[in-house]
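Quick notes on the structure that follows.
The values are calculated or read from the model by the stated rules, or taken from the named source; none is laboratory data. Just so you know, these numbers come straight off a predicted model, no measurement behind them. Note that we place each Cβ from the backbone using ideal geometry, even for glycine, and neighbour counts take in every protein chain shown. For accessibility, only protein heavy atoms count, side chains too; no ligands or nucleic acids. Shrake-Rupley method; radii C 1.70, N 1.55, O 1.52, S 1.80 Å.
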Amino acid sequence: MSILVIAEHHNGQLAGSTAHVVAAAQAIGGDIDILVAGENVSGVAESAAKLAGVGKIKVADDSVYAHQLAEPTAELIAGLADDYSHVLAAASTQGKNVMPRVAALKDVAALSEVIGVESPDTFLRPIYAGNAIATVQSSDALKVLTVRTTAFDAVEATGSAGVEAIDATVDNTLSQFVDEELASSDRPELGSARVVVSGGRGMGNGENFKLLDGIADKLGAAIGASRAAVDAGFVPNDMQVGQTGKIVAPELYIAVGISGAIQHLAGMKDAKVIVAINKDEEAPIFQVADYGLVGDLFEVLPELESKL
Amino acid sequence: MKVLVAVKRVIDYNVKIRVKPDHSDVDLTNVKMAMNPFCEIAVEEAVRLKERGVASEVVAVTIGPKAAQEQLRTALALGADRAIHVETDDKVESLTAAKLLKRVVDDEQPGLTILGKQSIDTDNNQTGQMLAALAGMGQGTFASEVQVEGDRVQVTREIDGGLQTVSLKLPAVITTDLRLNEPRYAKLPDIMKAKKKPIDVKHPDDLGVAVASSLSVLKVESPAERQGGTKVASVDELVDKLKNEAKVIA
């Protein structure tokens, strides 16, 4: 078996997610190559070459791959895929944008958000927002997967793979990059943060969400919210954690003033450690919390911030 | 410009799902079904394009059993002009759905095809991208803003860490994310009117697509139950446990 891992990178830096995808590739077993597609990506290729267990880094450095638009990137990957049994990428917005397009170009199925490898053709993936886990077998000669990075521990940076430029340019007449507006916040992105602090309807209003800032600063956490808090207009929808929002699986999830509706639990119950702070001791969130603290969040939050 | 909008019948997002005792699938017997929330956003966007005079006609399409006509009626009540039902009782995977939709796109020649970014049952997030590939079109996935300008569409996309704007040549495929719009509710007179709007029923055979899949679901299980329920008495105890027991903070 031979596996092609698609490197994820931003602004000339290899994204941490790639080391997790390589770990998923190791779980499948076989030779592992990494594709770095982009413009001016020699630094990314150098970083990728250090990932343990990788045979070769293939570099497609061309202006058509700048911003890694789906149309040319998928065409590039589809052109390389015949040499591989598996093509893997992170289940990031980038991976999810490109990989189904690759699969369709190769006339094979795609498997999204893989969280476990049973065998080279059988994988575990969550359905119904993680309320059920499906074991799915693929009979395609080529398996196209996106991998939930939190489900696989990153490989070490102890390798020294060879780097090889590939001359594979394609035309893109379908799409153009216009601009990019990355959140200026110093906070990590909700979907990949190691710690997430979320507020619910118990926060009372949007202003009170500031009480979470200090704790998030100390923990290097992203800030999320329940659907109830979003529906009440406290915070924008992109902060929503839940079945209809973001699915997160951080090491630590702190739920503040969140009762624990099913739709919210679906978005965060894969967190390694869950802390719940709520004044209602009957709140369902306590049933899934590793550490529950019954109390008034307006007293608990300042105290917690001072003691972290 | 015609806009095609694809909708899917799924379990209502408020329903707690149960896995069947034989682990073959999720039990959908007597469960409340609804239009997939991301598809509602797709319908809303299509209708708004028509209200702004950008779209001349909105055609809703679904793939699924007879009962899926309910969701088409909802789309019609929300403002779609007519509907196409690709009727099948078989389980349709993303690639097959994309092939069926590609045939509908060939027939209808829409300027834009709008889909939800994913359905909340299988959570695949694939069909729009696959349709775009098969149709040879550009794709604006996870859209939070859509602007048609001449023969191009500018799509602002929700990406990890921010927003990216791309310009696509029309015809193109768009998949919706949460912030694109807030779907309206259907009004009673519109629901009554929708009953008279036409639904064209086709079968996968008519479209020359075999409903087959290379994926087989071997089993479906409930996720491991969390062993929660431990309470701490104070903030001090909480911080101590997080440091020394869970070891998730330094």
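Would you check which residues across segment B:151-185 are at pLDDT 95 or above and over 19 Å from B:Ala46 (Cβ atoms) and list them?
Across segment B:151-185, the qualifying residues are B:Gln164, B:Thr165, B:Val166, B:Ser167, B:Lys169.
Does B:Val209 qualify as being more than 7 Å from chain A (Cβ to nearest Cβ), in a loop (DSSP other than H, G, I, E, B) and touching a residue at least 60 places away in the same chain (Cβ under 8 Å)? First the steps, then the outcome.
Numbers: more than 7 Å from chain A (Cβ to nearest Cβ): yes; in a loop (DSSP other than H, G, I, E, B): yes; touching a residue at least 60 places away in the same chain (Cβ under 8 Å): yes.
Yes, satisfied.
Go through segment B:212-239 and give me each residue that's in a helix (DSSP H, G or I) and either open to solvent by 40 Å² or more (accessible area, probe 1.4 Å) or at pLDDT below 90 (or both).
Passing the criteria: B:Asp236, B:Glu237.
Can you tell me which residue in segment B:156-173 is surrounded by the fewest Cβ atoms within 10 Å (Cβ to Cβ), limited to those that are among the aliphatic types (A, V, I, L, M) and in contact with a Ser or Thr (Cβ under 7 Å, 6 or more places away or on another chain)?
Taking segment B:156-173 and keeping what is among the aliphatic types (A, V, I, L, M), we get B:159, B:163, B:166, B:168, B:170, B:172-173.
Next, only the ones that are in contact with a Ser or Thr (Cβ under 7 Å, 6 or more places away or on another chain) stay: B:159, B:163, B:166, B:168, B:173.
On the way: B:Ile159: 21, B:Leu163: 18, B:Val166: 26, B:Leu168: 23, B:Val173: 31.
Result: B:Leu163.
Name the residues in segment A:1-29 that are part of a strand (DSSP E or B) and either hydrophobic (A, V, I, L, M, F, W, C) or open to solvent by less than 20 Å² (accessible area, probe 1.4 Å) (or both), would you?
Of everything in segment A:1-29, those that are part of a strand (DSSP E or B) and either hydrophobic (A, V, I, L, M, F, W, C) or open to solvent by less than 20 Å² (accessible area, probe 1.4 Å) (or both) turn out to be A:Ile3, A:Leu4, A:Val5, A:Ile6, A:His9, A:Leu14.
Could you tell me whether any residue of segment B:179-200 is out of contact with any Gly (no Cβ under 8 Å at 6 or more places or on another chain), within 10 Å of chain A (Cβ to nearest Cβ) and either open to solvent by 30 Å² or more (accessible area, probe 1.4 Å) or under 30 Å from A:Val273 (Cβ atoms) (or both)?
Yes; the residues of segment B:179-200 include at least one that is out of contact with any Gly (no Cβ under 8 Å at 6 or more places or on another chain), within 10 Å of chain A (Cβ to nearest Cβ) and either open to solvent by 30 Å² or more (accessible area, probe 1.4 Å) or under 30 Å from A:Val273 (Cβ atoms) (or both).
Within the bounds of segment A:58-66, is there any residue that is outside any loop (DSSP other than H, G, I, E, B), touching a residue at least 40 places away in the same chain (Cβ under 8 Å) and within 28 Å of A:Val248 (Cβ to Cβ)?
No, segment A:58-66 has no match at all.
Could you please let me know if B:Ala172 is touching a strand residue (DSSP E or B) at 6+ places or on another chain (Cβ under 9 Å), of a type in the set (A, V, I, L, M, F, W, C) and at the interface with another protein chain (Cβ under 10 Å from one of its Cβ atoms)? Spell out the reasoning first.
Working: touching a strand residue (DSSP E or B) at 6+ places or on another chain (Cβ under 9 Å): yes; of a type in the set (A, V, I, L, M, F, W, C): yes; at the interface with another protein chain (Cβ under 10 Å from one of its Cβ atoms): yes.
Answer is yes for this residue.
Quick check on this structure: which one of B:Ile11, B:Ile41 is out of contact with any Gly (no Cβ under 7 Å at 6 or more places or on another chain) and of a type in the set (A, V, I, L, M, F, W, C)?
Result: B:Ile11 is the single residue among B:Ile11, B:Ile41 that is out of contact with any Gly (no Cβ under 7 Å at 6 or more places or on another chain) and of a type in the set (A, V, I, L, M, F, W, C).
Does B:Ala250 satisfy the criteria of being buried (at least 17 other Cβ atoms within 10 Å of the Cβ) and of a type in the set (Gly, Ala, Ser)?
So B:Ala250 does not fit the description; no.
What are the pairs, 6+ residues apart or on separate chains, where a residue within segment A:175-190 that is more than 7 Å from chain B (Cβ to nearest Cβ) has its Cβ under 8 Å from a residue that is modelled with pLDDT of 85 or more and assigned to a strand (DSSP E or B)?
A:Arg187/A:Ala222; A:Arg187/A:Ile223; A:Pro188/A:Ala222; A:Leu190/A:Val196; A:Leu190/A:Ala222; A:Leu190/A:Ile223; A:Leu190/A:Gly224; A:Leu190/A:Val241
State yes or no: is B:Val86 more than 14 Å from chain A (Cβ to nearest Cβ), within 24 Å of B:Asp177 (Cβ to Cβ) and open to solvent by less than 10 Å² (accessible area, probe 1.4 Å)?
So B:Val86 does not fit the description; no.
If I filter segment A:110-145 down to residues being part of a strand (DSSP E or B), at the interface with chain B (Cβ under 8 Å from one of its Cβ atoms) and among the hydroxyl-bearing types (Ser, Thr, Tyr), which single residue comes out as surrounded by the most Cβ atoms within 10 Å (Cβ to Cβ)?
Ranking the candidates gives A:Ser112 first.
Filter segment A:146-174 down to the residues that are β-branched (Val, Ile, Thr), open to solvent by 50 Å² or more (accessible area, probe 1.4 Å) and free of Cβ contacts under 8 Å to residues at least 60 places away in the same chain and list them by number.
The one that is β-branched (Val, Ile, Thr), open to solvent by 50 Å² or more (accessible area, probe 1.4 Å) and free of Cβ contacts under 8 Å to residues at least 60 places away in the same chain: A:Thr173.
Return the only residue of A:Pro236, A:Pro284, A:Pro250 being more than 8 Å from every other protein chain (Cβ to nearest Cβ), modelled with pLDDT under 95 and surrounded by fewer than 20 Cβ atoms within 10 Å (Cβ to Cβ).
A:Pro284
Which residue, of B:Val54, B:Val61, is among the β-branched types (Val, Ile, Thr) and either modelled with pLDDT under 95 or surrounded by 22 or more Cβ atoms within 10 Å (Cβ to Cβ) (or both)?
Testing whether each residue is among the β-branched types (Val, Ile, Thr) and either modelled with pLDDT under 95 or surrounded by 22 or more Cβ atoms within 10 Å (Cβ to Cβ) (or both) leaves just B:Val61.
May I ask you to verify whether A:Asp270 is within 28 Å of B:Gln118 (Cβ to Cβ), open to solvent by 30 Å² or more (accessible area, probe 1.4 Å) and not in a loop (DSSP other than H, G, I, E, B)? Break it down into steps so the answer makes sense when it comes.
Numbers: within 28 Å of B:Gln118 (Cβ to Cβ): yes; open to solvent by 30 Å² or more (accessible area, probe 1.4 Å): yes; not in a loop (DSSP other than H, G, I, E, B): no.
The answer is no for A:Asp270.
A:Asp107 passes all but one of (1) assigned to a strand (DSSP E or B); (2) at positive phi; which number fails?
Only one criterion is unmet by A:Asp107, namely (1).
Can you name the condition, by its number, that B:Asn125 falls short on among (1) at the interface with chain A (Cβ under 9 Å from one of its Cβ atoms); (2) in a strand (DSSP E or B); (3) buried (at least 24 other Cβ atoms within 10 Å of the Cβ); (4) touching a helix residue (DSSP H, G or I) at 6+ places or on another chain (Cβ under 6 Å)?
(2)
State yes or no: is A:Lys269 more than 23 Å from B:Lys16 (Cα to Cα) and either of a type outside the set (A, V, I, L, M) or in contact (Cβ under 8 Å) with a residue 60 or more places away in the chain (or both)?
So A:Lys269 does not fit the description; no.
Whether any residue in segment A:86-100 is open to solvent by 10 Å² or more (accessible area, probe 1.4 Å) and more than 14 Å from every other protein chain (Cβ to nearest Cβ) is what I want to check. Spell out how you get there, then give the answer.
If we filter segment A:86-100 for residues that are open to solvent by 10 Å² or more (accessible area, probe 1.4 Å), which is where we start, we get A:91-94, A:96.
Still in the list and also more than 14 Å from every other protein chain (Cβ to nearest Cβ): none.
Checking segment A:86-100: not a single residue is open to solvent by 10 Å² or more (accessible area, probe 1.4 Å) and more than 14 Å from every other protein chain (Cβ to nearest Cβ).
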